[in-house]
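Please read the structure below before turning to the comments.
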Amino acid sequence: IDQECIKTNCARDLAGVVPTEMLDHIDFSKACGSYRDGRVSAMVVMSPALGWLFEQESLQKINIPIYIVAPEKDQIVPTDTNAKIFASNIAKSYLKIVRGEADHYVFLNRPTAMGKRFLEAKYCEDPASIDRKKIHEEVAKNTIIFFDDYLRSSR
């Protein structure tokens, strides 16, 4: 794994979260190993991060179906450098882009009135054009269809 690539992308995508000088002290050699778990035969991921970090050859070795859901306008983990990288390099991946002004936190639960008092707005407030409940219902429906299609066909 190219340390300079990691530093450049962390500085861009994780600014304020990961100090780039910390990366000089991290051993990334184990990241190249396999983390395949035979118990997992299909998976769903929402707004996956660090797509730019994975080597193309590594992603191409993934042979289970993966349903990827990501907001078009994700400001936390940009879809182009994350979800789309996974989708374009994993053969059995299926990418669903949530169109419109939805952002990264749209997949979090809708907070109660009490929750809104304690949470930052970015976690619980969406633009007026976004119906978080409807997005959750659509993601849930598509997730059930995905698992039905791929888990039943693998038996």
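The values are calculated or read from the model by the stated rules, or taken from the named source; none is laboratory data. No experiment lies behind these values; they were computed from the predicted model shown. Cβ sites come from the backbone with ideal geometry, for glycine too, and all protein chains shown count toward neighbours. Remember, those area values only see protein heavy atoms, side chains included, never the ligands or the DNA or RNA. Shrake-Rupley method; radii C 1.70, N 1.55, O 1.52, S 1.80 Å.
Observations
- Residue ID - nearest to Pro127 (Cα to Cα), chosen from residues in the range 37-47 that are open to solvent by 20 Å² or more (accessible area, probe 1.4 Å) and touching a residue at least 24 places away in the same chain (Cβ under 8 Å): Met46
- Hey, Cys10 open to solvent by less than 70 Å² (accessible area, probe 1.4 Å) and either over 19 Å from Ile62 (Cα atoms) or at pLDDT below 75 (or both) or not: yes
- Some residue of the range 56-77 being surrounded by 15 or more Cβ atoms within 10 Å (Cβ to Cβ) and basic (Lys, Arg): yes
- Close pairs (6 angstrom Cβ cut-off, 6 or more residues apart or separate chains): within 14 Å of Ile68 (Cβ to Cβ) in the range 134-155, β-branched (Val, Ile, Thr) and surrounded by 14 or more Cβ atoms within 10 Å (Cβ to Cβ) anywhere: Val139/Val69; Thr143/Val44
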